Amino acid sequence: MSQQLTIALIQSQLHWEAPQQNRTMFEEKIDSISNDVDVIVLPEMFTSGFTMNPSNLDALEGIRTVEWMQSQAKKKNAAVVGSMVFQEDDKFFNRLWFVQPDGGLSTYDKRHTFTLAGEDKVYTAGNEKEFIDFRGFRICPLICYDLRFPVWARNVENYDVLIYVANWPKPRIGAWDTLLKARAIENMAYTIGVNRIGQDNLGHEYSGHSAVYDALGNPIAYSEKEEIIYATLDKAHIESNREKLKFLEDRDDFTLK
């Protein structure tokens, strides 16, 4: 029997700069997951919305949220993934956490901070990719604006799954759809995008379009409404298509600076 990974994508509205309210909301949604799942994915900055005023949040909220993620992961025996405002050494980060059921932690700091919103002036950018080996799959987590930069996502590390968490606004949602599919095709990897819906306190509207694409770019899950979306990833699908088509063997060599 082929090895599989079941994913739950939580597409939701967010309460503006209200971590406790968002944790309570997401806990209710996580409790409603009756299926056996391996990974639960939340949107970008899921405890606050895409705020450029991180000092409005208590400095300890990041730690509180990580502890909350650990409790949710243990309860559901599933990894919980999402990014949040995180304060460390007097700096703010848009930091993604991959929290395993045993409490193990992996982090990724958003590499491409969104200059159009001034994120680069408020948050410290990361400079390293992160890879997590979990239940037989190698996962590469990235954040929102990273999606526009294919070199950063290029699969030179033989990962199986790309995960993007996002607050991607409605006016540019066509780019989100196209680029998610492109990342799947060019990297021959399952590509997951989890976006929010609703409107934030700055008037920006979000239309969801959370989706999962297989290693050939075929959509296997998609939604535009507030709901939990499920998808099952099959390791045999990746291995058989890479062996048959061998596209990754023809990739160019490059060095990131």
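The values are calculated or read from the model by the stated rules, or taken from the named source; none is laboratory data. This is a predicted model, so every value here is computed, not measured. Cβ placement follows ideal geometry from the backbone for every residue including glycine, while neighbour counts extend to all protein chains displayed. The accessibility values were calculated without ligands, DNA or RNA, using every heavy atom of the protein model including side chains. Shrake-Rupley method; radii C 1.70, N 1.55, O 1.52, S 1.80 Å.
Put simply, the amide H of Glu227, placed in the peptide plane, has neighbours under 5 Å in Gln11, leaving out anything fewer than 5 places away on its chain. Centroid-to-centroid, using Cα positions, segment 216-257 and segment 25-61 are 25 Å apart.
Taking amide hydrogens as placed 1.01 Å from N in the peptide plane, the amide H of Phe92 sits under 5 Å from those of Thr124, each at least 5 positions away in sequence or on another chain. In the chain, once you exclude exposed GluC sites (Glu not before Pro) (DSSP loop, at most 16 other Cβ within 10 angstrom), what's the longest stretch remaining? Between exposed loop sites, the widest span is 1-127. Between Asp120 and Asn201, the modelled labels are 2.6 nm apart [label points 7 Å from Cα along Cα→Cβ]. In terms of distances greater than 28 angstrom between alpha carbons, the cross-link table entries Lys121/Lys181; Lys121/Lys257; Lys181/Lys235 yield Lys121/Lys181.
Each DSSP beta bridge with both residues in the chain is either parallel or antiparallel, and the antiparallel ones are about 70%.
Accessible area per residue for segment 151-224 in Å², computed with a 1.4 Å probe and the full protein assembly in place, what is it?
Ligands and nucleic acids excluded, the figure is 34 Å² per residue.
For segment 214-257, chymotrypsin sites (Phe, Trp or Tyr not before Pro) are listed when DSSP marks them as loop and at most 12 other Cβ atoms sit within 10 Å of their Cβ; the list is Phe254.
Dividing the helix sum by the residues of the chain, where each DSSP H run of 4 or more adds -39500 (n - 2.57), gives a mean residue ellipticity at 222 nm of -7500 deg cm²/dmol. Here's the list of aspartates and glutamates a cross-link from Lys110 could span, going by alpha-carbon distance under 12 Å and ignoring same-chain residues fewer than 8 apart: Glu44, Glu119, Asp120, Glu128, Glu130, Asp146.
Full extension of the segment from Asn56 to Thr255, taken as 0.36 nm per residue of separation minus the current Cα-Cα distance, would add 67.8 nm. Label positions at Ala175 and Asp234, each projected 7 Å from the Cα along the C-beta direction, are separated by 3.5 nm.
Distance between the 7 Å Cα→Cβ label points at Lys74 and Glu243: 4.1 nm. Putting +1 on Lys and Arg Cβ atoms and -1 on Asp and Glu Cβ atoms, find which of Leu245, Leu57, Pro171 reaches farthest to the positive end of the dipole of segment 4-250. Result: Leu245. Annotation: extensible slack from Glu226 through Gln13 equals 76.0 nm (criterion: 0.36 nm per residue apart, minus Cα-Cα distance). For segment 96-107, putting each phi into the Karplus relation 6.51 cos²θ - 1.76 cosθ + 1.60 with θ = phi - 60° gives couplings of 8, 10, 10, 10, 8, x, 7, x, x, 10, 10, 10 Hz, in residue order, rounded to whole numbers and with x for Gly and Pro. Evaluate E = 1/(1 + (r/R0)^6) for Ala182 and Gln21, where r is the Cβ-Cβ distance and R0 equals 30 Å; express this FRET efficiency to the nearest 0.05. The formula returns an efficiency of 0.25 here.
Rounded to the nearest 20 debye, the dipole size of the chain about its Cα centre is 320 debye, using +1 on the Cβ of Lys and Arg and -1 on the Cβ of Asp and Glu.
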